[in-house]
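Report on one structure; see the data block that follows.
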Amino acid sequence: STPAQAVVALEKLALEENVDAVLILSGSKTMLAITEVADRYKVPIVSTLSSHPGITETNWVNQIIFDDQVQGTVAALFVMDELLIERSAVVWDGDDPHSKELAASFKRTYQEAGGTVLSIDISGRKDDTQSIVNQLKNNAIEFVYLPVEVGSVVIFEQGARDAGYNPQGMVSDGILSQMMLEYRDNLDLLDGLLATDIFTSEVPLSAFGESVKDNLKRQFDTPATTLTALGCEGGQVVLTAMTKCGRNPQNECVNRMIRSGNQFEGVLEPYTIDLEGKAQRPVYINKITKKNLRFLLKVN
């Protein structure tokens with residue numbers, strides 16, 4: 001999961017294994033490094049987790065989730081239009097390109113809508129959580145947007161509780177899944193937080209989603225997460241594109257079929273990938289409640 005390891009792995013798959021497509025389950029920092037070399041290997045790449053808008057700048061990298069600019073914009077408009085909060089804070093990590101892009105999109109949209117944002121970069125303040133919490137509390141901030149990795153969410157939420165500070169908060173996509181995998185003993189810290197996500201717990205599964213659910217139950221004892229569903233969707237994209245290209249698919253054909261604009265089966269509903277490699281699909285606003293993403297709003 002480091003940029004250097006991913007580039008070496010991609011080189012081996014493309015040059016030695018002669019694969020027709022590569023499915024990558026890595027974050028934005030790794031995907032941005034891959035984007036820089038993707039044209040060299042000319043193999044179709046499907047990113048299942050990264051939502052940084054910069055990863056599709058090459059002709060060979062494709063996203064299956066909405067990008068950070070869309071997600072940050074939806075988050076900001078929900079706070080302004082639905083929660084009617086005109087003064088908020090965004091706590092972000094300048095060392096993480098995903099966090100940085102989300103924060104910038106949120107702040108820009110929120111301010112354009114007439115709101116005021118207190119912006120705090122924690123990249124140089126990782127051991128200064130209590131000071132950050134006190135700063136927010138002293139400024140009477142009622143809403144905090146937290147587009148940061150799950151470990152930073154845990155530290156912030158625990159620090160806020162210790163300080164008796166209880167603002168409404170929102171996290172970004174995949175945080176509940178990461179918490180279930182890495183911080184199971186701290187799941188209660190997420191209860192009540194809002195979350196933008198690709199999925200929700202209270203919308204019926206599609207026929208494809210039901211088949212995925214049944215297969216996972218037969219093969220694994222652990223519960224599925226957002227990350228599991230994205231892995232299955234990414235696999236479906238690659239297999240569908242390769243099938244359309246016949247028995248001996250060429251890389252150019254596979255990539256063209258991925259970016260065809262045709263619908264792919266999703267766990268909840270169909271979605272498309274446009275000619276620029278970006279997924280066109282809804283953003284769900286959820287409230288995290290007892291390990292579930294409780295549906296609040298769908299934004300197309």
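For the reader, a short list of remarks on this structure follows.
- Antiparallel DSSP beta bridges within the chain, percent to nearest 5: 45 percent
- Length gained when the stretch residue 95-residue 130 is fully extended (0.36 nm per residue, less Cα-Cα span): 10.6 nm
- Applying the criteria of a DSSP loop state and at most 15 other Cβ atoms within 10 Å to the GluC sites (Glu not before Pro) of segment 1-71 yields 16, 17, 57.
- In degrees, nearest ten, helix 28-41 long axis to first principal axis of the chain (Cα): 20 degrees
- Rg over Rh, two decimals, segment 200-290 (C-alpha only, Kirkwood Rh): 1.02
- Near residue 69, once Lys and Arg are set to +1 and Asp and Glu to -1 for all other residues with Cβ below 15 Å from its Cβ, the sum equals -3.
- Net charge in the neighbourhood of residue 262 (other residues with Cβ under 13 Å of its Cβ; Lys, Arg +1, Asp, Glu -1) is +1.
- Summing charges over neighbours of residue 45, with a neighbour being any other residue whose Cβ is under 13 Å away from its Cβ, gives -2 when K and R count +1 and D and E count -1.
- Calculated [θ] (222 nm, deg cm²/dmol) that DSSP helices of n ≥ 4 give over the chain, each run adding -39,500 (n - 2.57): -13500 deg cm²/dmol
- Based on C-alpha pairs under 8 angstrom that are at least 6 apart in sequence, the chain has a relative contact order of 19 percent.
- Computed over the alpha carbons of the chain, Rg followed by Dmax gives 19.6, 65 Å.
- Cross-link reach list, lysines versus residue 42, counting only Cα pairs under 27 Å and skipping chain neighbours closer than eight places: 12, 29, 244, 278
- For segment 130-223, a simple Cβ point-charge model (Lys and Arg +1, Asp and Glu -1, everything else neutral) yields a dipole of about 20 debye relative to the Cα centre.
- Accessible surface of segment 141-300 [probe 1.4 Å, protein heavy atoms]: carbon and sulfur percent: 49 percent
- Largest GNM mean-square fluctuation across 146, 190, 275, computed for the chain with C-alpha springs under 10 Å, falls on 275.
- Between the Cα long axis of helix 150-162 and the first principal axis of the chain there is an angle of about 10°, rounded to the nearest 10.
- Cysteines in the chain that lack a partner Cβ within the 4.7 Å cut-off: 232.
- Å² per residue, accessible surface of the chain at 1.4 Å: 46 Å²
The values are calculated or read from the model by the stated rules, or taken from the named source; none is laboratory data. Quick caveat, the model's predicted, so the values are computed rather than measured. Glycine also receives a Cβ, built like all others from the backbone with ideal geometry; neighbour counts cover every protein chain displayed. For the accessible areas, the whole protein counts, side chains as well, though only heavy atoms, and no ligand, DNA or RNA atoms are used. Shrake-Rupley method; radii C 1.70, N 1.55, O 1.52, S 1.80 Å.
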